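Each reported figure results from applying straightforward, stated rules to the coordinates on display, with no laboratory input. Model, not experiment: these values are computed from the prediction. Cβ placement follows ideal geometry from the backbone for every residue including glycine, while neighbour counts extend to all protein chains displayed.
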Amino acid sequence: MQLWQSYRLRNERLRWRIRAFRKRRELVPVANRTSAIRPDDLLLFSTQRNEYKRLPFFLDYYRDLGINHFLIVDNDSNDNSRSYLAEQPDVSLWHTTASYKRARFGVDWLNWLQRWYGHGHWCLVVDPDEFLIYPFCDTRPLRALTDWLDASSIRSFSAMLLDMYPKGGLDEQPYLPGTNPMDIASWFDSGNYTLRKNDRYENLWIQGGPRSRVFFPDTPEKAPALNKIPLVKWHRRYTYVSSTHTLLPRGLNRVYDEWGGKKTSGLLLHPKFLDSFGSKAIEELGRGQHFSGSIEYKAYADCMADDLNLWCKWSEKYINWQQLEILGLMSKGNWT
């Protein structure tokens, strides 16, 4: 049975790699600066659409963390984001008008770019509204973490998505380009999370937080998944299966300790809920390009008629990574 399962997963991995190879034709280079990538550079991969307001802080945040080069797919933006990204000297940019949904929500595009440019590099895959934090991130650059992972023969690093939101209505504090979105969306749910093991891929499936509490109160099993493995020492044979939730080979998904210990982990701060949230949700619902018939965006639209306020009396205000470790949301494990 185990041999049959392994055989099926190898075939699945090959299928996704072939699919990514075919999808490469949908990507048109706008600014290809990949010749500047050095063998030991830390790379960031992302897809984006109409994220012009978020991009200045996003790029600066990860530059300060230690990312050397950004490889970004623009999915037919109609704001200024594509021209802005094309001007950045450390960004390589591709444009596509193809369906985000038919590219498995951008996974095929990034799998191809990682296969071609990411082999042998530590690669971080995040959206423009996701900000990685990890133990000692206030004093140690990302390379300190990847050097320790290399020395420990660890190939993948987990970071649960932590939804961040403001206190009060989403429209009360407008977000200005270049500013820190966590200055507005500075609150999070410290509990209200469930997890279960996926026996097929051996990853943990985590749900909960404000999106489960507010948008899926009666059907929490339909809430968005929060488990992510965004940082991987990439090999061309690897492939993401479902966003950054699941990888193959499945050994990369074993980022937890089943025997009661704690493996080193981080978090992705996710300040999705800013003043632009309502208009963005309506736009994306109209496009119909998201998972499971855009069920997540349908839930957002249904709640937008109300005066949406995600804050509750159990909300916690973000201070630093140590606070999140005390709450059990991340761990420094044996990294000291």
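Assorted remarks:
- Among Trp116, Trp148, a tally of other beta-carbon atoms within 10 Å of each Cβ gives an order, fewest to most, of Trp116, Trp148.
- The residue among Thr146, Gly208, Ser190 whose Cα reaches farthest toward the positive pole of the charge dipole of the chain, with charges on the beta-carbon of Lys, Arg, Asp and Glu, is Thr146.
- By other beta-carbon atoms within 10 Å, ranking Trp112, Trp16 with the fewest at the front produces Trp16, Trp112.
- Between amide H atoms placed 1.01 Å from N, distances below 5 Å from His69 occur with Leu42, Leu44, all of them 5 or more places distant or on a separate chain.
- Of all segments of the chain bounded by GluC sites (Glu not before Pro) found in a DSSP loop with no more than 11 other C-beta atoms within 10 Å, the longest spans 1-86.
- Gain on full stretching of the segment that runs from Asp147 to Ser99 - 0.36 nm per residue minus C-alpha separation: 13.5 nm
- Among Tyr52, Ala20, Ile72 - extreme Cα towards positive end, dipole of the stretch 1-79, charges at beta-carbon: Ala20
- Computed from backbone phi with θ = phi - 60° and the Karplus coefficients 6.51, -1.76 and 1.60, the 3J(HN,Hα) list for the stretch 110-120 is 6, 4, 5, 5, 5, 4, 7, 10, x, 4, x Hz; x is used for glycine and proline.
- Beta bridge orientation in the chain: antiparallel %, DSSP, nearest 5: 55
- In order along the stretch 207-212, phi translates into HN-Hα couplings of 9, x, x, x, 5, 5 Hz, rounded to whole numbers, per the Karplus curve 6.51 cos²θ - 1.76 cosθ + 1.60 with θ = phi - 60° and x for Gly and Pro.
- Each Lys and Arg Cβ is given +1 and each Asp and Glu Cβ -1; about its Cα centre, the stretch 12-326 then shows a dipole of about 1660 debye.
- Global form of the chain, assessed from the alpha-carbon gyration tensor, a/c cut-off 1.5: rounded
- Classification of the stretch 175-253 by its C-alpha gyration tensor yields an oblate form. The axis ratio a/c (a ≥ b ≥ c) is 1.5 or more, and b/c is at least a/b.
- Local net charge near Lys197, Cβ-Cβ under 12 Å (Lys/Arg +1, Asp/Glu -1): +1
- Taking amide H as placed 1.01 Å from N in the peptide plane, His121 has its amide H under 5 Å from the amide H of Trp234, each at least 5 places away in sequence or on another chain.
- Sequence-ordered 3J(HN,Hα) estimates for the stretch 241-257 from the Karplus curve with 6.51, -1.76 and 1.60 and θ = phi - 60° stand at 9, 9, 6, 9, 6, 9, 10, 10, x, 5, x, 5, 7, 7, 9, 9, 10 Hz, glycine and proline given as x.
- Counting other Cβ atoms within 10 Å as a rough exposure proxy, the listed residues Met182, Met330 run Met182, Met330 from fewest neighbours to most.
- Label positions at Arg19 and Thr194, each projected 7 Å from the Cα along the C-beta direction, are separated by 2.7 nm.
- Prolate/oblate/rounded label for the stretch 1-131 (Cα gyration tensor, a/c 1.5): prolate
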